[in-house]
Amino acid sequence: MFRIGLTGGIASGKTTVCQFFSELGIDIFDADDIARELVNVGTPCYQQILGHFGTDFLLADRTLNRQQLRTHIFSNVQAKATLENILHPAIHTVLISRSAESLSPYCILAIPLLVESQQSYQLNRIILVDTPETLQQQRLCKRDSLSLEMAHTILSQQSSRVDRLAIADDVIRNDTELAHLKEQVFHLHQRYLQLAKQD
Ligand code: ATP
């Protein structure tokens with residue numbers, strides 16, 4: 001299977017880009033979606049998280065209070081590492097096994113923390129969705145109704161643009177209208193069809 005990793009900062013446009021690839025018939029495997037599945041009530045990851053963080057992070061229906069956990073790890077480096085140690089290997093396993101079953105000409109693994117995660121995803125190429133920070137901030141504030149200050153704090157905790165560019169084979173600039181984004185996706189798609197055929 002020809003696997004393409006897709007990464008980018010928060011609100012850079014990863015989901016939007018994936019949607020365009022999906023419309024072209026390409027299978028998308030999204031680490032965030034998988035992370036949500038993995039913490040469903042009663043799953044091994046759910047049990048491990050409960051073991052480490054306790055019942056304080058549960059809602060009344062015993063589902064994980066993801067929002068509370070996110071806020072907690074935001075200001076606690078050790079807790080962040082603990083949560084990542086539980087989730088990242090599991091996400092990795094699911095991404096690799098599901099993508100192995102893919103029947104599309106190539107597939108995309110959307111992994112926001114690709115720079116940070118040291119695991120091998122056996123990727124043939126890596127796409128970076130590259131968006132100027134000011135635009136990321138604006139889109140994040142608008143989409144999630146956040147203050148500019150909060151958006152700035154979130155962005156400051158992410159890996160740098162330089163680090164992302166260092167791992168990228170292909171860069172999609174998302175700094176203008178959606179039509180231009182779609183056009184870039186279409187061009188890359190043509191190229192990937194060729195590359196996947198030769199693989
Ligand atoms: P996250 O990191 O939170 O998962 P993301 O990288 O998947 O975010 P999107 O959700 O695709 O980012 O985009 C963030 C917001 O910006 C969305 O509301 C989306 O509709 C909007 N957006 C993305 N690209 C553009 C664009 N070129 N023009 C206008 N709005 C855009």
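The values are calculated or read from the model by the stated rules, or taken from the named source; none is laboratory data. The structure presented is a predicted model; accordingly, all values stated were derived computationally and were not measured. For neighbour counting, all protein chains shown are included, and Cβ atoms are generated from backbone atoms with ideal geometry for every residue, glycine included. Areas reflect the complete protein model, heavy atoms only, side chains present, ligands, DNA and RNA absent. Shrake-Rupley method; radii C 1.70, N 1.55, O 1.52, S 1.80 Å.
Things to note:
- For SER120, the accessible surface of its heavy atoms amounts to roughly 80 Å² (probe 1.4 Å, protein chains only, rounded to the nearest 10).
- Normalised contact order of the chain, rounded percent, pairs of Cα under 8 Å and 6 or more residues apart: 37 percent
- The share of C-alpha pairs in the stretch 24-174 whose separation exceeds 17 Å stands at 69 percent.
- Largest-first ordering by accessible area, 1.4 Å probe, given options THR93, THR16: THR93, THR16
- For GLY8, distant residues with modelled amide H under 5 Å away: LEU114, VAL129
- Take every DSSP beta bridge whose two residues both sit in the stretch 3-198; close to 5 percent of them are antiparallel.
- Check: the stretch 3-198 dipole with +1 on Lys, Arg Cβ and -1 on Asp, Glu Cβ, in debye: 100 debye
- Cross-link reach list, aspartates and glutamates versus LYS142, counting only Cα pairs under 20 Å and skipping chain neighbours closer than eight places: ASP130, GLU133, ASP175, GLU177
- Helices in the chain, meaning DSSP H runs of at least 4 residues, each add -39500 (n - 2.57). Divided by all residues, the mean residue ellipticity at 222 nm is -17000 deg cm²/dmol.
- Scalar couplings 3J(HN,Hα) for the stretch 89-95, obtained by applying the Karplus form with A = 6.51, B = -1.76, C = 1.60 to θ = phi - 60°, are x, 5, 4, 4, 4, 5, 4 Hz; x denotes Gly and Pro.
- Net length gained if the chain between LEU165 and ASP33 were fully extended (0.36 nm per residue, minus Cα distance): 45.1 nm
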